[in-house]
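The structure appears below as structure tokens.
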Amino acid sequence: MSRIKDIRLAPSGAEKIAWVASYMPILNAIKEEFERTKPFSGMKISMSIHLEAKTAYLAKILRAGGAEVWVTGCNPLSTQDDVAAALAAEGFEVHAKHGVTEEEYRADLISTLSCIPDLIIDDGGDLISLLHGECRELGAHLIGGCEETTTGVHRLLARERAGLLDYTMIDVNDADCKHLFDNRYGTGQSTLDGIMNSTNLIIAGKTVVVAGYGWCGKGLAMRAKGMGAVVIVTEIDPIKAIEAVMDGFRVMPMDEAAKHGDIFVTLTGCKDVLVERHFAVMKDGVLLSNSGHFDVEINKPELEAMAVESFERKPNIRGYRMPDGRILNLLAEGRLVNLAAGNGHPAEIMDMSFGIQAKSLAYLAAHGKSMERRVYAVPLEIDREVANIKLGAMDISIDRLTEEQEDYLARVE
């Protein structure tokens, strides 16, 4: 039985789902295919992804393919209660509410696995962690699954290197039609959306410190620069640091950047990116935010210990008053600011990511039982198929190699 906030919220959630469906041509094309082929007939799928309208539409696509779908969120603050209610009203098993405690969040994850799934979609690695620990028996029928985000892939690869990965998993995050667009253009826009919607402050003229110059950091730095900000990048990778310099950004250690920033955004997938010594030198009124998966990039316990007072300044903003009177503003409790304080990535971007998810799950349904227990890249043909559907939806055509050109490129001299 579903555990949601209030089923009476369903009409609002249904409107949101219908809206995004109008802008997701890839999933619409896949839905038509799945309705014919039923790749998941007789299967159960457990999903743990940020539970908002685009995710809900993905769940409906998987159901169209014949699956029984169980859904939860992957972050206590990113679930939209009306969307969860809309799915529950359509007969999905949904275990998610906005603002749950860590204990309730864990219970929802376990409830979502209690169907003993054949396939999973994970975002951050929480489901796979449970299936290797206290919920091992719930993986009895598991063929495999897909991982959506950078942090989850890191966790999977660590398990694989240690010889502790018991299931076949596909790394959706590193598919070209995912990270080149979702991580870069999606994160870049939605992070700034979350910050601006929460603060009602201008970006132009401010110094924005971007911690991490992976694809998410690149997208954010590009968008902040385009909105008139001075952008500082911090990095641990010398190659990415050079890339940031050549892209026109200042690069320095966080110990130095902490003195200059007006807005800080962490996007590293690591912990303790902003800590006590950084808080000690920050300007009065700075905005602290995170777009990494877990709320450990900004060290909240150290921030709280330094403060003589903390108080809510407005929704999704908590002020921490330092002994010298400075106020440091933490957005969305240090959780994913684009989802906890915004609506997440645009529908057109998630259409590509979720197109990769849907097709990769179908690939696992067909081939997973014969695959090794390791992390696989998304097959190139799936990336190309999703890209071609997207181009068609954009009414864009591209060149094709002639037979003679193919022979020329394949020749051995």
TODO: Within the range 320-336, identify whether any single residue is closer than 30 Å to residue 42 by Cα, touching a Phe, Trp or Tyr at 6+ places or on another chain (Cβ under 7 Å) and not polar (S, T, N, Q), and answer yes or no.
DONE: no
Open item on the list: Restricting to the range 122-162, count the residues that are of a type in the set (D, E, K, R) and surrounded by fewer than 17 Cβ atoms within 10 Å (Cβ to Cβ).
Closed with: 5
Open item on the list: Can you report the number of residues in the range 346-395 which are open to solvent by 10 Å² or more (accessible area, probe 1.4 Å), of a type in the set (D, E, K, R) and over 17 Å from residue 147 (Cβ atoms)?
Closed with: 7
Task: helices (runs of 4 or more DSSP H) wholly inside the range 39-121 that include at least 1 residues being of a type in the set (Val, Ile, Thr) and open to solvent by 20 Å² or more (accessible area, probe 1.4 Å) - done: 102-113
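In the range 396-413, how many residues are surrounded by 10 or more Cβ atoms within 10 Å (Cβ to Cβ) and either under 29 Å from residue 351 (Cα atoms) or not charged (D, E, K, R) (or both)? I'd like the intermediate steps shown before the answer.
To start, the set of residues in the range 396-413 that are surrounded by 10 or more Cβ atoms within 10 Å (Cβ to Cβ) comprises 401, 405-408.
The next check asks that each one be either under 29 Å from residue 351 (Cα atoms) or not charged (D, E, K, R) (or both); those that pass are 401, 405, 408.
Count: 3.
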- [ ] Kindly indicate the residue of the range 1-38 that is touching a strand residue (DSSP E or B) at 6+ places or on another chain (Cβ under 9 Å) and not basic (Lys, Arg) and also most open to solvent (accessible area, probe 1.4 Å) among those meeting that condition.
- [x] 1
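Residue by residue, here is whether (1) under 28 Å from the mean Cα position of the chain (by Cα); (2) within 21 Å of residue 203 (Cα to Cα); (3) outside any helix (DSSP H, G or I) holds:
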| position | (1), (2), (3) |
| --- | --- |
| 278 | yes, no, no |
| 283 | no, yes, yes |
| 288 | yes, yes, yes |
| 294 | yes, no, yes |
| 313 | yes, yes, yes |
| 319 | yes, yes, yes |
| 323 | no, no, yes |
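Just the residues that are on the phi > 0 side of the Ramachandran plot, assigned to a helix (DSSP H, G or I) and touching a Gly at 6+ places or on another chain (Cβ under 9 Å), please, taken from the range 325-366. Show your work before the answer.
Of the residues in the range 325-366, the ones on the phi > 0 side of the Ramachandran plot are 325, 332-334, 344.
Imposing the further condition that a residue be assigned to a helix (DSSP H, G or I) reduces the set to 332-334.
Once the filter is applied, which keeps residues that are on the phi > 0 side of the Ramachandran plot, assigned to a helix (DSSP H, G or I) and touching a Gly at 6+ places or on another chain (Cβ under 9 Å), the range 325-366 yields only 332.
The values are calculated or read from the model by the stated rules, or taken from the named source; none is laboratory data. Note that the coordinates shown come from a computational prediction; the quantities given were computed from them, not determined experimentally. Note that we place each Cβ from the backbone using ideal geometry, even for glycine, and neighbour counts take in every protein chain shown. We work out accessible area using only protein heavy atoms, side chains counted, and drop any ligands, DNA or RNA first. Shrake-Rupley method; radii C 1.70, N 1.55, O 1.52, S 1.80 Å.
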